[in-house]
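What follows is a short report on a single structure.
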Amino acid sequence: MGSATAAKQLDAYWMPFTANRDFRKEPRIISGAKGHHYTTVDGRKLYDLFAGLWTTGLGHCHPKIVEAVQEQVATLDYAIGFQVSNNRSFELAQRVVDLAPEPFTQCFFTNSGSESVDTALKIALGFHRAKGEGHRTRLIGRERGYHGVNFGGVSVGGMVPNRKVFSANLIPGVDHIRATFDLEHTAFSRGQPEWGAHLADDLERLAALHDGSNIAAVIVEPVAGSTGVLPPPVGYLERLREICDRHGILLIFDEVITAFGRLGRPFAADYFGVMPDIITTAKGLTNGVIPMGGVLVQKHVYDAFMHGPESMIELFHGYTYSGHPVAAAAGVAALDAYEEEGTFEQAAALAKPFEDLLHSFAEHPKVLDVRNIGLMGAIELKPREGAPGARGFEMHKRCFWEEEIVLRNGMDTLQFSPFLNANIDDLTHALERIRHVLDTID
Ligand SMILES: Cc1ncc(COP(=O)(O)O)c(C=O)c1O
């Protein structure tokens, strides 16, 4: 790259969540992947420290998934999904339900995490209306929450830059409980912070303000991910569940990151032993290979819709690609691989060594906080004076160019999503390189 022609070739693509103009000066472009590594257009091999984008826990180009996709696309590339469907979508729905905690009996397919979130919010509103409680319209999210980029998800989300431009257009009737993060009390916690269960009582405050009978649902990530990995305080999720039960509010866990093994269990609901009414998923459902999401509901949620004339559509919602056969084939193959390879057990076994590696940064003079749970981790750096985010971004770039590592930063927080089957020596080596960059950066 670098020539005028090469630069022009980059112009047409408006990249998501990217500093586009800066990127064009130093394009970081990947053209291949295998296992735990990427290859770049100029032939460099990079270690992927983020498993795609929290997506690809099994590693890239997993042979079983590649084969399943190739076979499926040559057998049934697409079939209409409304009033007719394809065999693979039913197969995958059953597999997901079998993997999920027992109360979950149905799965609605989407194409992304954002669509899963908006689907879940609509299901929650439809549920109450079907139960004769159409006045329950208020939705509650959490500050610092990330629920994708569609209008529903941004409205219940709590990441300020994502909301700022659309502030006046977000959906009405939404409120937020407080984030579960306070450096003064939670810094350098290993796993769940001891402090903070009481923050769930913020929901009680909103129930008092709006009257609980007007609230349809509360949506939280069991572990806030994109905002920089905030594990829930001990007892917090249990308390949220209790308050929801007290007021007849549905609890939605957004498990787009945590589902399919990121905490060493199939779902975060299993890990924490707290059952929401609805679970949103995406990413690991197909190992990131084909876009797909799924919304899992408990039986009582599904049953509420199954009334009225049988020839009537019960939920006026769905996507052209809901249950896409090629995506579903990728999903079945990913679930097979998780099971056959003991991937969730591998992830569980890696959690403690990974925690120790991350916390070895705790004393570093440029580090404000280290957080982790399962195979999710964050090292929050001290920002540069007057330039928040600059140090984190430079870490990302230097790791890419000098250390052959794809490291993700959210502002000044370095985020870690190792492969579920990562090798501890690779992780140790990558973290050593990161320490070297951190030592030498301004
Ligand atoms: C918790 C959560 N919800 C929703 C989303 C949005 O998913 P997508 O980017 O597939 O729309 C994400 C993406 O990272 C996420 O982490």
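Before moving on, here are some points about what is shown:
- Residue check for ALA349: closer than 30 Å to VAL295 by Cα and either within 18 Å of the chain's Cα centre (by Cα) or at pLDDT 95 or above (or both): yes
- Matching residues in the range 303-332 - criterion: being within 23 Å of ALA130 (Cβ to Cβ) and within 24 Å of the chain's Cα centre (by Cα): HIS317, GLY318, TYR319, SER322, GLY323
- Scanning the range 332-381 for residues that are in contact (Cβ under 8 Å) with a residue 24 or more places away in the chain and of a type in the set (Lys, Arg), we see that the one that is nearest to VAL66 (Cα to Cα) is ARG371.
- Hey, ASP336 closer than 25 Å to GLY261 by Cβ, under 24 Å from the mean Cα position of the chain (by Cα) and in the same structural domain as SER226 (by TED's automatic domain parsing) or not: yes
- Count of the range 10-34 residues which are loosely packed, with under 10 Cβ neighbours inside 10 Å and either in a helix (DSSP H, G or I) or touching a Leu at 6+ places or on another chain (Cβ under 6 Å) (or both): 1
- Enumeration of residues in the range 178-196 that are within 16 Å of the ligand (Cβ to nearest atom) and either in contact with an Asp or Glu (Cβ under 6 Å, 6 or more places away or on another chain) or over 19 Å from SER226 (Cβ atoms) (or both): ALA179
- Counted residues, the range 147-158 - those being surrounded by 24 or more Cβ atoms within 10 Å (Cβ to Cβ), more than 8 Å from the ligand (Cβ to nearest atom) and outside any helix (DSSP H, G or I): 1
- Applying a threshold of 6 Å to beta carbon distances and a minimum spacing of six or more residues, or different chains, the list of pairs starting in the range 261-285 at a residue that is without any contact (Cβ under 8 Å) to a residue 24 or more places away in the chain and ending at one that is within 15 Å of the ligand (Cβ to nearest atom) is empty.
- Residues in the range 159-179 that are surrounded by 14 or more Cβ atoms within 10 Å (Cβ to Cβ), part of a loop (DSSP other than H, G, I, E, B) and either touching a Cys at 6+ places or on another chain (Cβ under 6 Å) or free of Cβ contacts under 8 Å to residues at least 24 places away in the same chain (or both): LEU170 only.
- From the list PHE104, PHE127, PHE108, the one residue that fits, being of a type in the set (Phe, Trp, Tyr) and either without any contact (Cβ under 8 Å) to a residue 60 or more places away in the chain or farther than 30 Å from ALA330 by Cα (or both), is PHE127.
- Unique match (being closer than 24 Å to GLY377 by Cβ and either at pLDDT below 95 or in contact with a strand residue (DSSP E or B) (Cβ under 6 Å, 6 or more places away or on another chain) (or both)) among PHE181, PHE260: PHE181
- Flag if ARG144 is at positive phi and either away from the ligand (no atom under 16 Å from the Cβ) or not polar (S, T, N, Q) (or both): yes
- LEU199 being surrounded by fewer than 16 Cβ atoms within 10 Å (Cβ to Cβ), hydrophobic (A, V, I, L, M, F, W, C) and away from the ligand (no atom under 16 Å from the Cβ): no
- Conditions (1) touching a Lys or Arg at 6+ places or on another chain (Cβ under 9 Å); (2) within 16 Å of the ligand (Cβ to nearest atom): number failed by ARG163: (1)
- Residue count for the range 288-310 under the criterion of being within 16 Å of the ligand (Cβ to nearest atom) and not in a strand (DSSP E or B): the result is 5.
The values are calculated or read from the model by the stated rules, or taken from the named source; none is laboratory data. Given the structure is predicted, the values throughout are model-derived calculations rather than measurements. Backbone-built Cβ (ideal geometry, glycine too); neighbour counts: all protein chains shown.
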